[in-house]
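In what follows, a structure is listed as structure tokens, so that the remarks can point back to it.
We did not get these values from a lab; they are worked out from the coordinates using the rules stated. Here the structure is a predicted model, which is why all the values come from computation and not from measurement. Counting neighbours? That spans all protein chains shown, and the Cβs are built from the backbone with ideal geometry, glycine included.
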Amino acid sequence: MLRFPLFGVPVSVHFSFLLVAAFGLPVYRGWGIAAWTVAVFVAVLLHESGHAFTARAFGASPVSITLFAFGGFTSWSSSRDLGPGRRFVISAAGSAVGIVAGLGVLGIGQLGLLSDLPELVIVFLQSFVWAGLVWGILNWIPILPLDGGHMLQHALEAVAPKRASSIARVVSLIAGVVVVAVAWRYEQRFLAIFVAMITFMGLREGRTERPPPRPPQNQTGSEPPEFPI
């Protein structure tokens, strides 16, 4: 386990994160695999930093980040109820940071400023855009335990707190089935299986949730695992 601080937020990196390299094998070889792995690491860390620093800005403490096989996880604790609005923003912040960063790289590329860079740097930037921008957009699909599913649940908590969890699970199931069907239709077998797995995870997560006491004396929260592959 590798540990280091990031502007006061402790970060832990499990060695299983190196499994990310295996998903670059169909496209890259040699140093290209290393560039892919580093790019995904940076993108996932940036994503989790969006969650972590937003939570800390809202007064959450302690806040920590963990990176593991294929993704990351942010946990936080607050002595007061942050409310569904702020929890929504915390959930949205991770993908928002990745999307902005990815669009920034694409914008610089459109200006022709990246054309003369070494091939390895191009591989890194392409991989970063995929892991940051593309996955960031997909991560907003309302499927638990993705960010989009939690964003939906937090939004529902503001208008129908007693039914928020059950409605979010139903929407998550419908969205998951639709994405799996579309992915399978276009022969994206891995994506279909992957979405089916996380949809099942979200249903199990929802069944084990319990509404927090009101008002809570201490509120803990965590952003769901991120799977950028």
Exercise for the section: Please sort 117-130, 138-151, 71-84 by packing, taking for each peptide the average over its residues of neighbouring beta carbons within 10 angstrom, highest first. Expected result: 138-151, 71-84, 117-130
Exercise for the section: Calculate the tail of P(r) for region 14-159: the fraction of all Cα-Cα distances greater than 19 Å, expressed in %. Expected result: 56
Completion exercise
Taking Cα pairs closer than 8 Å and at least 6 residues apart, the relative contact order of region 119-204 in percent is 26
Practice task
Return one number: the angle in degrees, 0 to 90 and rounded to the nearest 10, between the long axis of the Cα atoms of helix 83-110 and the longest principal axis of the Cα atoms of the chain.
Solution key: 10
Problem - Phi-based couplings in Hz for region 39-55 (Karplus 6.51, -1.76, 1.60; Gly and Pro marked x) - result: 5, 5, 4, 5, 5, 5, 4, 5, 4, 5, 5, x, 4, 5, 6, 5, 4
Completion exercise
Relative contact order of the chain (C-alpha contacts under 8 Å, at least 6 apart) in percent is 24
Exercise for the section: Working from Cα positions, state the angle (0 to 90°, nearest 10) between the long axis of helix 189-208 and the longest principal axis of the chain. Expected result: 20
Handout entry: Within the chain, helix-based [θ] at 222 nm, where runs of 4 or more DSSP H residues each add -39,500 (n - 2.57), nearest 500
Key = -18500 deg cm²/dmol
